Ligand code: SRM
Ligand code: SF4
């Protein structure tokens, strides 16, 4: 833990802002209603807890500065959707907002949420109100709190999926902030209540620090974001090992009887700071289902009390576990719980399902998973995805689910309407899963430029072209059917989870086009993770210009084709042979 000059624990500036905010209210409540296109630094930090980020258009930033003008400010609004479940009315409301006050796109995120981009300050309050009127909200979608809780979105009508979604919703409600600031700021004190939502419960693990307003969090909330996911051993579509807290369902007799709990996953890293690193979560314990929330609360409270509040770069749970060791961490969780934990069951993660294409859902109806490239719902050229989804939800009125691979699943489709849905896909130029190449289907990119303030390179805007190069190379090598995951980000923070997939492409630095103008950037290529997400990958090449990425990988795929073992995946092959050995050979060639 960081200490100040007098030996007292050091506190970062954000800790002081949280304390002064009086449970996330000040100075935001005044600044939201004031004139001007932006809010100040303090309000900006507190705004995150309410689910919004102040951003500016990076494409025009330099030019505007040269002209002595203010940056083109706007706000990103993140809609919290536990387990990725939405109904038609909620979809249509988000779509309408994207057109009325946003940039005419909706973005499905890697954590089963929607992001609206380009909202002007004058529209922020009405936007958040409209989201709430559909019984969704933006509370705690960002900030130092429990984030959107992930759950396998497969709309399969069986007890296991229903029980996991139920546990996900209960945990999301229990870990939500309870201060009235959200309603005071955005809804003028009115709480739009969802009678179907699970109720928060009193603290299940009472601790000395418990606070009357925020029993779980206290006045300074968490040291940093805290993320939770639910997964199945044979379907890790939520990438459970990338989360601070993960629940892997133990199924017996067709029901979830308990969970293996894993802790300490996280992707963010700063390459120049050796003290930071990505990590996949490690085993903590097995917990019977009725006790799952109580154990999760104890884990959250240990991180609340012992996470580093002096150094935000090292404030995630993974660093507490690294510094203490898992045994000492487990002992502290047991102390908070007041009882010993049970060792985890032997239940490795074996598979991942992207839930795309047509599937029977078990009640006579069908669901259809549609690939959404990089999660961006938009109309562009022949692809009219935004118009198409709007028409679909207006016509069918049935619900949907968002996946952690940035795609959408349309559910509850009667068998006699499947042809109508297929015709609708064609009418709007929407490619089905079968019409999408395997490599594109399993790829993801973060937004990066022009909205993300932390981007050092392009990501979402360039990945489609890189995918085209992959498709050509795979066709030449006869590997079109090969499943491997390519995750690209515009900086090392890891929003598209690039450190546990087969091929991670992480924005590294600026580059120049031949005419001297700014280029798309250079990237670090990581290899040796896999679709299952249970292993970190390793640096293969650094500072690779965008246009060289696929060329640098072709020799590895060529060897893989000849040397792979039976059924061996690309990631497993790279891991077995050794990424350093592959890189050394590439350097000699
Ligand atoms: Fe993220 C920060 C976008 C999932 C790790 N992330 C950001 C911000 C808010 C930039 C900022 O702080 O100014 C990005 C907004 C860009 C924009 O224009 O929209 C941003 N993160 C995203 C999304 C939209 C990427 C996407 O392609 O979908 C994802 C939103 C998820 C959601 O709905 O809540 C998103 N971010 C993730 C994930 C993946 C996950 O959680 O499964 C990670 C890695 C896991 C983790 O947390 O370690 C992730 N985002 C980060 C980090 C690094 C955190 C760290 O511990 O170091 C940052 C930077 C920070 O927090 O300081 C960050
Ligand atoms: Fe922005 Fe970096 Fe996250 Fe991409 S990975 S959205 S560039 S913070």
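Some observations on this one:
- Å³ per residue enclosed by the Cα convex hull of the range 59-126: 97
- Residue order, fewest to most surrounding Cβ atoms within 10 angstrom, among 91, 428, 217, 523: 428, 91, 217, 523
- Treating each Cα of the range 198-252 as an identical point scatterer and summing with the Debye formula, the log10 of I(q)/I(0) at q = 0.17, 0.21, 0.27 Å⁻¹ comes to -0.75, -0.90, -1.02.
- Rough spin-label spacing in nm, given labels placed 7 Å along Cα→Cβ, for residue 394 and residue 552: 4.6
- Förster radius 30 Å - calculated FRET efficiency between residue 382 and residue 64 (Cβ-Cβ, nearest 0.05): 0.35
- Listed peptides 147-158, 53-64 appear in the order 147-158, 53-64 once ranked by packing, highest mean of other Cβ atoms within 10 Å at the front.
- For the range 440-588, dividing the convex hull volume of the Cα atoms by the residue count gives 109 Å³ per residue.
- Rg over Rh for the range 290-351 works out to 1.02, using Cα positions for both radii and the Kirkwood form for Rh.
- Residue 475-residue 89 FRET efficiency (beta carbon distance; Förster radius 51 Å; 0.05 resolution): 0.75
- Shape of the range 245-400, Cα gyration tensor, a/c cut at 1.5: oblate
- Protection proxy ranking of 376-384, 162-170 - average other beta-carbon atoms within 10 Å, highest first: 162-170, 376-384
- Panel order for 137, 211, 327, by other beta carbons found within 10 Å of each beta carbon, from fewest to most: 327, 211, 137.
- Distance between the range 116-164 and the range 298-345 - C-alpha centres, whole angstrom: 27
- Anisotropy class of the range 356-408 from Cα gyration tensor, a/c 1.5 cut: oblate
- With Cα atoms as the point set, the radius of gyration and Dmax of the range 13-337 evaluate to 19.8, 68 Å.
- Three-way shape call for the range 220-313 based on the alpha-carbon gyration tensor, with the a/c threshold at 1.5: oblate
- Extended-chain gain in nm, criterion 0.36 nm per residue less alpha-carbon gap, residue 35 and residue 213: 61.0 nm
- Averaging 1/r across all pairs of distinct Cα atoms in the chain and inverting the result yields a Kirkwood radius of 24.7 Å.
- Taking the fewest neighbouring Cβ atoms within 10 Å as the starting point, the ordered list for 46, 321 is 321, 46.
- Ordering of 286-299, 221-234 by packing [mean C-beta count within 10 Å, highest first]: 221-234, 286-299
Bear in mind these aren't lab numbers, they're just calculated from the coordinates by the rules spelled out. Remember, it's a predicted structure, so these values are computed and weren't measured experimentally. All Cβ positions, even for glycine, are placed from backbone atoms using ideal geometry, and neighbour counts span all protein chains on display.
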